[in-house]
Amino acid sequence: MGRVEGKTAIITGAARGLGRGMAQLLAKEGANVVIADILEDGGREAAEEIKSSGGKAIFIKHDVTSEDSWEAVVKKTLSEFGKLDIMVNNAGVQLIKEIAETSLEEWRKLMSVNLDGVFLGTKHAIRAMRKSGGGSIINISSVVGIIGTADDTAAYAASKGGVRLFSKTAAIECSKWGHDYNIRVNSVNPGVIKTDMVADMMAHDAAFKKKLESAHPVGFLGEPIDIAYAILYLASDESRLVTGTDFVVDGGWTAS
Ligand code: NAD
């Protein structure tokens, strides 16, 4: 208990799925949590759930693609909790479509959430954290940000590869070698984790679940808590030596 006691975290896309699991665990370990999402009902429910078990959380309606929305979220976080220590850029969308059938509009829509959202979140987190002496920024990539797959997810993979390398460069920019902000930046690269996003993918193709399970040497698909524990470590001071890494949590998928 208390591994992130007194720290304040913004988690985007925390109304459900991986983000909700992260919010629950960080709150349980003592953080003030800002649940930021376009989904109002799920977001409010997630904040209430944390408060009813004794944690500190607020919900803010937030669209990661809008810079005005980012300014409002950081402002409200600072007025509510005084500072920002942990930024988890988790919100993301998937697209399963062959490249030959993908429209430019679909490509740009995905990039606006998965890449513009991470850029804006990192930018506004740096602005807030450098004033209060540092922090930890964690950007959610994917195993498909590291390797190619045969799942018709090229646009998604391009966005996640971008998140991974953006995070490495941001890490150096914020380090002693760069502007000396005392801000660590890492990406987390999950394998397949059971959330609504994956349920949608499985609905798309009946044989898909078997195929996904067989991609993981451990023999099972992960749960949101498996990623939340990685976030907790990277958010806490235990990981003070860890910056610029791509933290893989994939049941051995990319080792094979
Ligand atoms: P999910 O679809 O269950 O949840 C995504 C959340 O992001 C939702 O609450 C949604 O409302 C929110 N969101 C979407 N667009 C938004 C926007 N413009 N502004 C604010 N919030 C927005 O997905 P998930 O499985 O929990 O995925 C979370 C992250 O993890 C994503 O970045 C995803 O790409 C990544 N990821 C997931 C898996 C997996 O297997 N589930 C694997 C690797 C990476």
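The values are calculated or read from the model by the stated rules, or taken from the named source; none is laboratory data. Everything quoted here is computed from the prediction, not taken from an experiment. Reconstructed Cβ throughout: ideal geometry from the backbone, glycine too, with neighbour counts over all protein chains shown. Just so you know, the surface numbers come from the protein's heavy atoms only, side chains and all, with ligands and any DNA or RNA stripped out. Shrake-Rupley method; radii C 1.70, N 1.55, O 1.52, S 1.80 Å.
Across region 234-247, the qualifying residues are those that are in contact (Cβ under 8 Å) with a residue 24 or more places away in the chain and over 13 Å from the mean Cα position of the chain (by Cα), and the one among them that is most open to solvent (accessible area, probe 1.4 Å) is Arg240.
The numbered conditions (1) open to solvent by less than 20 Å² (accessible area, probe 1.4 Å); (2) within 15 Å of the ligand (Cβ to nearest atom) are all true for Leu115 except (1). Just one of the numbered conditions (1) free of Cβ contacts under 8 Å to residues at least 12 places away in the same chain; (2) part of a strand (DSSP E or B) is not true of Asp180: (2).
Of everything in region 86-112, what is β-branched (Val, Ile, Thr), within 18 Å of the chain's Cα centre (by Cα) and surrounded by fewer than 20 Cβ atoms within 10 Å (Cβ to Cβ)? Give them in sequence order.
Step one: list which residues in region 86-112 are β-branched (Val, Ile, Thr), which gives 86, 88, 93, 96, 99, 102.
Then drop every residue that is not within 18 Å of the chain's Cα centre (by Cα), which leaves 86, 88, 93.
Scanning region 86-112 gives a single hit, Val93.
From Glu49, Glu105, which residue is without any contact (Cβ under 8 Å) to a residue 24 or more places away in the chain and assigned to a helix (DSSP H, G or I)? Break it down into steps so the answer makes sense when it comes.
Details: Glu49 fails: without any contact (Cβ under 8 Å) to a residue 24 or more places away in the chain.
Result of the check over Glu49, Glu105: Glu105.
Looking across region 171-215, the residues that are of a type outside the set (A, V, I, L, M, F, W, C) and under 15 Å from Asp250 (Cα atoms) come down to Ser187, Asn189, Pro190, Gly191, Lys194, Thr195, Lys211, Glu213, Ser214. For region 25-37, the criterion of a residue being more than 15 Å from the ligand (Cβ to nearest atom), surrounded by fewer than 16 Cβ atoms within 10 Å (Cβ to Cβ) and not in a helix (DSSP H, G or I) is satisfied by no position. The residues of region 129-144 that are assigned to a helix (DSSP H, G or I) and open to solvent by 10 Å² or more (accessible area, probe 1.4 Å) amount to a single one, Val144.
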